[in-house]
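Written below as structure tokens is the structure these notes are about.
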Amino acid sequence: MRFRSSHLVLGLITVLTMATGGSVRAAPASGVLRIGMDVDAGTLDPRLANDTTARRVIEQIYDGLVELDPQLQPRAALAESWSQVSPTVWVFTLRKNVRFHDGTPLTAADVVFTYTTLLDPNLRAPLRSLYIPITKIEAVDDATVRITLSAPYAPLLKYADMGIVSRKSVEQMGADYATHPVGTGPYKFVSWQRNSSITLEANAGYWKGAPRLSQVVFSIIPDNTTRAAALEAGDVDLIHSPLSPQDVTRLKTVPRISVTEMTGLGLTYLNMNTVDPILRDVRVRRALASLIPQQTIVKHIYREMDRPATSILLPAWSGIFTGDIAQPTHDITRAKALLAEAGWRATDDGTLSKDGQKLSLVIRTHSEDPNRIQVVELLVSILRSSGIDARAEITEFPALTQALLAGNYQVALLGWLGLVDPDRGMFNQFNSKGSQNWEKYNNAQVDALLNEGRQQSNPGDRARIYREVARIIAADLPYYVLTYQGYIVAVQRRVVGFVPNPTGNFRALWNTSVP
Amino acid sequence: MGRYLVRRLLLLVPVVLGAATIAFALVLLLPGDPAIALLGQEVSGAELVRFRHLLGLDRPVPVQLGLYFLRIARGDFGTSVTLHTPVLGLISSTLPATLELAVTSLVLAVGCGIPLGVYAARRRGRFPDTLAMLVAQLGVSVPVFWLGVLLILLFAVKLNWLPSFGRGVPLIAAIVTGNLAGLTDSLRHLLLPAVTLAFFNLALLSRVTRWALLEVLEEDYVRTARAKGQRERIVLTHHALRNALLPVVTIVGLQFGSALGGAVVTETIYGWPGMGRLVVQAIGQRDFPVVQGAILVLALLFSLVNGGVDLLYAFIDPRIRYD
Amino acid sequence: MRLLTRGSATTKSIAPRRRLTVSGWVGAGLLGIILLVASAPRLFTRADPQGGDITARLAPPSPGHALGTDHLGRDLLARLVYGARSSLLVAVTSVGGAVGVGVTLGLAAGFYGRGIDTTIMRVVDVFLAFPGILLALALVAVFGAGVGSVIAALILVSWTQYARVVRAATLAEKGREYVAAARTIGAGDLHIVVRHILPNVSSPVVILATLGMGSAVVAESTLSFLGMGVPPPAPSWGWTLAFGTRYLRDAPHIATFSGLAIMATVLGFNLLGDGIRDLLDPRFRPQ
């Protein structure tokens, strides 16, 4: 056939007409919930999961011994009841007649298997360090599990929401288990298109009763703006943090969409290397903190999606949090005085120096978060106008983490997520032997307090202990906490019954419906 | 011809080996540790050391390189550090998506670019020509990602005609099964990304076609054909176009290569689950096995395409031996 | 890539023009303006590109800010004016470097032939086996963020086109009479290559280089979009456009104006490159 341009044009028109198909978008199916996530899950094995999407999907496929309610209190899940028979021994009684998705019954052996393998260094479970105090776990009988600890461990229940895996399936499938999960949860795994979508369907035999949705589809849309646009266009029904502040502001104005904001379990902070020659002096750290326009940053860069932080205590830790403990606030005069007191004098061109050395600071953060990049840009320009030779260094997360591990940094803007318990937010970070104490903070009093807090179950004592730690941290400033991260969920109004949880978990999907 | 074919194929081998070595070296030089990608911020110094040992990263470099080649020869591309699946599986599930996008965009570019170029050539010097070439000039000047975001905002959000992200039913599957609904879904997801990717090539092709055609129209045999009284349309298509298409064909072949590369940005914007996006994420997360495997596969593909273009060229005109 | 065809004996050749085309002049004019902006920024703006009032961020154009403000409240016109320097620097140095490497290797390959030629061409093939943007991305990741890294990466990604073109042209020139003549009077290899061959193969290089600078500007902005370009707080067009696309709905002016700046520059290089091609060597067609 001859090459005729008119044929091509005709063909193109046909294609375009089909593609824009009568312009009316098909109404979404009822009973199906489509969720937009920012990253692809790494694995669907709950013991190995290390990203938010994996956790959200795993929450549907698996149950833990307990689950955490919106007030972060544990409530019964696979464990019907539990008791602490001695300071270091806990006994959990399992629910009867629970089955895995492949029909096999749940027994204590599965629980023992889950935790034993979790603690095995060869499995390389990312959260292993949270479970180290467990020295022994055994099945007393098919429905009873006994956990023995090396020392009293208050946060144990908070971490007992770890999904329980099917021992038989894991032993049968080996590494394939990570992509063909078998759990006891409200939704069953159907399929996983890498970097595209994960599909789940209802588990009619769920122990709590059949879930109200027939299908849940997680779509992976990495770009924040595109994800928000997808929600607006009706391509997905639900999205949550991380979100761009300007998208949140706009979504609030869309009538079809309901936006819920609450304070989450994360914080954004400046990590200051306490063994760096310049930052070793606590006055310099306090001066730095006093130069940070916290309110402005929260208002303009985060558009009040997050809240200004006062200390290392999270508002979500009810009973422990108090706003009375506060870090240095924005005060330029005090900053200048502190720097002068520390011996930094202004030279002719305005830069500060001491003993012939300039006050040089490199502020690092990771390139994946545009808000943090803006904060660092702003800080650098503020510091420069105060005479500090400041510079930004933006790298990808792995390169930044490597620098942190090596202690090869001065100041880094970072965050923590999922801080369900003060121990989670303080122990590894500030204990001199803590595995995430990159800033090499070393304070014997804090060490003692943190060890005590770990073992102390009495709420009153815990409050006292952690407040004291927070007070010391607010004075010593190995961390300057910038914001308490907000947790935001934006959902189409036609979705009924979704209750957001500040931990970010989606356990509420069991009771959600899309008419 | 046969000898040329064999020679060309043989030349592929050192090229691919060289590319594989570079891929290996690049990954080795990347600052950052795969253990961090795996274990996140919770990682400790001891875990890191243990993990490096497990991955064989503490062996001397030549040993690592040798082992790497041995594994590749066996077809073992390793396992992704962050996604816990075999790299080959990841590649085989994402490559079709990228190919679908690249090929569709190429079809669009060729289907619109060449006719546009012909049109402009026929109206040389007059207003339509100037306008078309101006648009084409703009087309090769606009950054791809800007165009992509604009298109999403206009067509997906403001007008709500097309989906804003993701891939629909795989196109080949939809065509083969004759499923009309599936085909519509497939095309609707494909349209915006394909247009974004095609834009630059479309503009380029129209310019090249116009130039090539004008060149050829000056040739003697065209004048002869005209003198013999042939109809202008026959002159154009039978004589001129066929010869003008020669350089155009080369460019189209090379554009396939550039489409594969350009897919990287387009896939990121549209959430298209292809290999470009996979590699960019893998680089960011220091997922070494994925980066190495994907770059190797892409290099192989590229070399094959380039070699294919050369062969096609030699086939079309035996006088030409691009060497 | 130069077509090595034996031309028809009666082909009417297209004579090179004597003067630059109108569009070539337009391109030169555009570039002239941008060059002026880069070298004398104070002529165009008094604002400070580094300082800004964050409470006035993302503001649309107004009497105080001719093009509005960016995401940190800095004057957008100032950011773009001072960014011109950075973009042009990246474009010129990366192309300059690529030309240096490519021309040298191309001359060597074409002139000496055989072993050297095969080796160099295989190296070219290896480099060409990688999708450009991915290689650039990986290289910037390896070198670490910074202007130098971006330039080095762009050089490594783009030198091959110059090598190929120069090699083909050198092969053609090598057999010419003046080369044989030069040899008979005892001229050394280096002398022949530099004084005789190089000037005759330079036209395609000039054309490619001009067009290449436009591509370099776009490449830098693409790398910034992927998070790997010239890092802040330097006023880079790429970063501004990258951030601008995130705020496209609330503050479209950022992406619009920075995109226009990039487009104008690339357009300038393209028009000038086409004009130079018509001037020097109309048969040449770059890829």
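Side notes on the structure shown:
- Matching option when the condition is more than 14 Å from every other protein chain (Cβ to nearest Cβ) and either surrounded by fewer than 24 Cβ atoms within 10 Å (Cβ to Cβ) or touching a His at 6+ places or on another chain (Cβ under 6 Å) (or both), among C:PRO199, C:PRO233, C:PRO252: C:PRO199
- Leading residue by the ranking (nearest to the chain's Cα centre (by Cα)) among those in the range A:393-449 that are among the small types (Gly, Ala, Ser) and in a loop (DSSP other than H, G, I, E, B): A:GLY418
- Filter result for C:ILE197 (modelled with pLDDT of 80 or more and of a type in the set (Val, Ile, Thr)): no
- C:ALA209 modelled with pLDDT under 80, assigned to a helix (DSSP H, G or I) and of a type outside the set (Phe, Trp, Tyr): no
- Checking each residue in the range C:84-101 for being at pLDDT below 90 and buried (at least 24 other Cβ atoms within 10 Å of the Cβ) picks out only C:SER87.
- Selection within the range A:116-140 - within 18 Å of A:ASN50 (Cβ to Cβ) and not in a loop (DSSP other than H, G, I, E, B): A:THR117, A:LEU118, A:LEU119, A:PRO121, A:ASN122, A:LEU123, A:ARG128, A:SER129, A:LEU130, A:TYR131
- Residues of the range A:252-269 that turn out to be farther than 17 Å from A:LEU313 by Cβ and either among the β-branched types (Val, Ile, Thr) or crowded, with 19+ Cβ neighbours inside 10 Å (or both), as a count: 5
- All positions within the range A:466-486 that are under 10 Å from A:MET426 (Cβ atoms) and touching a Gly at 6+ places or on another chain (Cβ under 8 Å): A:TYR466, A:VAL469
- Taken as a whole, the range C:258-276 holds at least one residue that is out of contact with any helix residue (DSSP H, G or I) (no Cβ under 8 Å at 6 or more places or on another chain) and within 12 Å of chain B (Cβ to nearest Cβ).
- A search for C-beta distances below 6 Å between a residue of the range B:157-171 that is farther than 22 Å from A:VAL39 by Cβ and any residue that is of a type in the set (Gly, Ala, Ser) and not in a loop (DSSP other than H, G, I, E, B), counting only pairs 6+ apart in sequence or on different chains, returns B:VAL157/A:ALA229; B:VAL157/A:ALA233; B:ASN160/A:ALA233; B:LEU162/B:ALA156; B:VAL169/B:GLY182; B:VAL169/B:SER186; B:LEU171/B:SER186.
- Any chance A:THR43 is of a type outside the set (A, V, I, L, M), within 21 Å of A:PRO242 (Cα to Cα), in a helix (DSSP H, G or I) and within 14 Å of another protein chain (Cβ to nearest Cβ): no
- Some residue of the range C:175-186 being under 30 Å from B:VAL149 (Cα atoms), over 19 Å from the mean Cα position of the chain (by Cα) and free of Cβ contacts under 8 Å to residues at least 12 places away in the same chain: no
- Number of positions in the range B:118-174 that are among the polar types (S, T, N, Q) and surrounded by fewer than 16 Cβ atoms within 10 Å (Cβ to Cβ): 1
- Residue check, A:LEU265 among the hydrophobic types (A, V, I, L, M, F, W, C), modelled with pLDDT under 90 and within 23 Å of the chain's Cα centre (by Cα): no
- Test for C:THR104: is it among the hydroxyl-bearing types (Ser, Thr, Tyr), assigned to a helix (DSSP H, G or I) and more than 14 Å from chain B (Cβ to nearest Cβ): yes
- If you go through the range C:120-154 and pick out every residue that is part of a loop (DSSP other than H, G, I, E, B), without any contact (Cβ under 8 Å) to a residue 12 or more places away in the chain and under 14 Å from C:GLY227 (Cβ atoms), you end up with 1.
- Exactly one residue among C:SER149, C:SER87 is within 15 Å of the chain's Cα centre (by Cα) and within 30 Å of A:ILE301 (Cα to Cα), and that residue is C:SER87.
- Within the range A:190-248, strands (runs of 3 or more DSSP E) holding 3 or more residues that are touching a helix residue (DSSP H, G or I) at 6+ places or on another chain (Cβ under 9 Å) and touching a residue at least 24 places away in the same chain (Cβ under 8 Å): A:215-220, A:238-240
- Residue within the range C:173-194 that is charged (D, E, K, R), in a helix (DSSP H, G or I) and buried (at least 18 other Cβ atoms within 10 Å of the Cβ) present: yes
- Here the condition is being closer than 21 Å to A:ASP276 by Cα, free of Cβ contacts under 8 Å to residues at least 60 places away in the same chain and either crowded, with 21+ Cβ neighbours inside 10 Å or of a type in the set (Gly, Ala, Ser) (or both); of A:ALA392, A:ALA474, it holds for A:ALA392 alone.
- Hey, A:LEU400 within 13 Å of chain B (Cβ to nearest Cβ) and crowded, with 23+ Cβ neighbours inside 10 Å or not: yes
- Residue in the range B:190-207 that is more than 19 Å from the chain's Cα centre (by Cα) and basic (Lys, Arg) present: yes
- Between A:LEU72, A:LEU12, the distinction of being under 29 Å from A:LEU417 (Cα atoms), surrounded by fewer than 20 Cβ atoms within 10 Å (Cβ to Cβ) and modelled with pLDDT under 90 belongs to A:LEU72 only.
- All positions within the range A:324-351 that are at pLDDT 90 or above and either over 20 Å from A:VAL284 (Cα atoms) or buried (at least 16 other Cβ atoms within 10 Å of the Cβ) (or both): A:ASP324, A:ILE325, A:GLN327, A:PRO328, A:HIS330, A:ARG334, A:ALA335, A:LYS336, A:LEU338, A:LEU339, A:ALA342, A:TRP344
- Boolean, B:LEU241 is under 29 Å from B:VAL149 (Cβ atoms), surrounded by fewer than 22 Cβ atoms within 10 Å (Cβ to Cβ) and modelled with pLDDT under 80: no
- Candidate set: the range A:130-146, residues that are under 27 Å from the mean Cα position of the chain (by Cα) and crowded, with 17+ Cβ neighbours inside 10 Å; chosen: the one nearest to the other protein chains (Cβ to nearest Cβ): A:LEU130
- Residue check for A:GLU171: of a type in the set (Asp, Glu) and part of a helix (DSSP H, G or I): yes
- Scanning the range B:120-166 for residues that are over 24 Å from the mean Cα position of the chain (by Cα), part of a helix (DSSP H, G or I) and facing chain A (nearest Cβ under 7 Å) yields a total of 2.
- Residues in the range A:466-484 include at least one that is within 20 Å of A:ALA151 (Cα to Cα), more than 14 Å from every other protein chain (Cβ to nearest Cβ) and at pLDDT 90 or above.
The values are calculated or read from the model by the stated rules, or taken from the named source; none is laboratory data. These figures come from a predicted structure and were not determined experimentally. Cβ: placed from backbone, ideal geometry, glycine included. Neighbour counts: every protein chain shown.
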